[in-house]
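Notes to accompany the following structure.
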Amino acid sequence: MNTKVNQKMTDAELSKKLGHYQKAARFWLLIGLIGVVSGTISFFAVKDTLLKLVFVTVLFFGGVCCAIFPGGGAQKKLKALLQEQMGDFFKAEFEKAFGPDWQTPEMKIDEPFMKRFGLFENQWEECEVENFHEGIHRSAHQGIHFSAANLRLNHVYERSIPHEGWETCREELFRGLVLRLDTGISYPSPVCVHARIEESPRGVRTGILTGDDRFNKDFCVAAEEKEARCLLTPEFISWLRKTEETIEGKVKGFVWEGNTFSVAIETEYGFAGIAGNVDVSNLDAVRKSYINSLRSMGETIDLFADSPVLPNAGSAGGKE
């Protein structure tokens, strides 16, 4: 039996191993970028068709492969090692901040939920969810039941490469945070608001437009008119813009269904994680970054709980 699989490392051993993986990931990413840039230059600079094909195939696609496979592999090993060796610390800090991690079906954030949410509807085929957690945030409010996760939506498609066959490609449509709040108020029918894309009709279902031209240009609304008018007040729209400036992110959509308000925010912030610029060989910096990510979530929840249309978002629904 292998007894070393879950053996705890000393801080010095863990620091060295994490630093090795981080350096490897950055090295292969750099090699990948050099290959992609060189391949792109060759495409425009080389006149001979056959030679151009060789350069593009070797440099461009070789660079992509370097970034995805050895670079991505090192990044996955780094995350797995962090969870294996520091998972107890992460769990304790989360429970200190938000209590037990419930993981209830009602507050789940996963692919079926995102299909119902309707963000970039029919535009994506792949949903990647990281660091899904659920808990209670307590501050000036009585207690706010929430769930949150880092999430990516990708458009996956096949592209033909001359003399090579078909290649699977991914286009990232959304990267950011999905946050769900138990509001304590139940709406009789859903109110769905999404960032407008080329395929979006103006005024889905009921032709709803607010009195704010900028909001109408940025979002399309799917709801019964009475519920939409109640939610999308001038005060709410003004608050939404100020909130975007505070969180340094872009709201791409929100849905009020039943007693749950769900919002998708395009941001570089990572919930319950380690910031990308942290030197992971410095374990104190790793711990501090994780705690800061939890603190930032609490501040974000407070902003949404203070919304003009969420006055009762302080109820923990009886959960302790």
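Per-structure values
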item: Residue count for region 256-269, restricted to those that are in contact with a Pro (Cβ under 8 Å, 6 or more places away or on another chain) and open to solvent by less than 10 Å² (accessible area, probe 1.4 Å); result: 1
item: Of all residues making up region 236-252, the number that are open to solvent by 70 Å² or more (accessible area, probe 1.4 Å) and either modelled with pLDDT of 90 or more or assigned to a helix (DSSP H, G or I) (or both); result: 4
item: Any hit, region 163-174, residues being in a strand (DSSP E or B), open to solvent by 70 Å² or more (accessible area, probe 1.4 Å), of a type in the set (Asp, Glu) and free of Cβ contacts under 8 Å to residues at least 40 places away in the same chain; result: yes
item: Candidates GLU299, GLU257 - the one that is at pLDDT below 95, over 23 Å from LYS115 (Cα atoms) and either among the acidic types (Asp, Glu) or in a strand (DSSP E or B) (or both); result: GLU299
item: Subset of region 281-292 [surrounded by fewer than 20 Cβ atoms within 10 Å (Cβ to Cβ) and in contact (Cβ under 8 Å) with a residue 24 or more places away in the chain]; result: SER281, ASN282, LEU283, ARG287, ILE291
item: The one condition in (1) in a helix (DSSP H, G or I); (2) surrounded by 14 or more Cβ atoms within 10 Å (Cβ to Cβ); (3) without any contact (Cβ under 8 Å) to a residue 40 or more places away in the chain that LEU51 fails to fulfil; result: (2)
item: Pair list, Cβ < 8 Å and 6+ apart or interchain, from region 92-109 residues that are part of a loop (DSSP other than H, G, I, E, B) to residues that are open to solvent by 60 Å² or more (accessible area, probe 1.4 Å) and of a type outside the set (A, V, I, L, M); result: GLY99/GLU320; ASP101/LYS91; ASP101/GLU95; TRP102/LYS319
item: Single match in PHE132, PHE89 (criterion: touching a helix residue (DSSP H, G or I) at 6+ places or on another chain (Cβ under 8 Å) and within 30 Å of LYS8 (Cβ to Cβ)); result: PHE89
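The values are calculated or read from the model by the stated rules, or taken from the named source; none is laboratory data. This one's a predicted model, so the numbers in the text were calculated from it and none came from an experiment. Glycine also receives a Cβ, built like all others from the backbone with ideal geometry; neighbour counts cover every protein chain displayed. All accessible areas refer to the heavy atoms of the entire protein, side chains included, with ligands and DNA or RNA removed. Shrake-Rupley method; radii C 1.70, N 1.55, O 1.52, S 1.80 Å.
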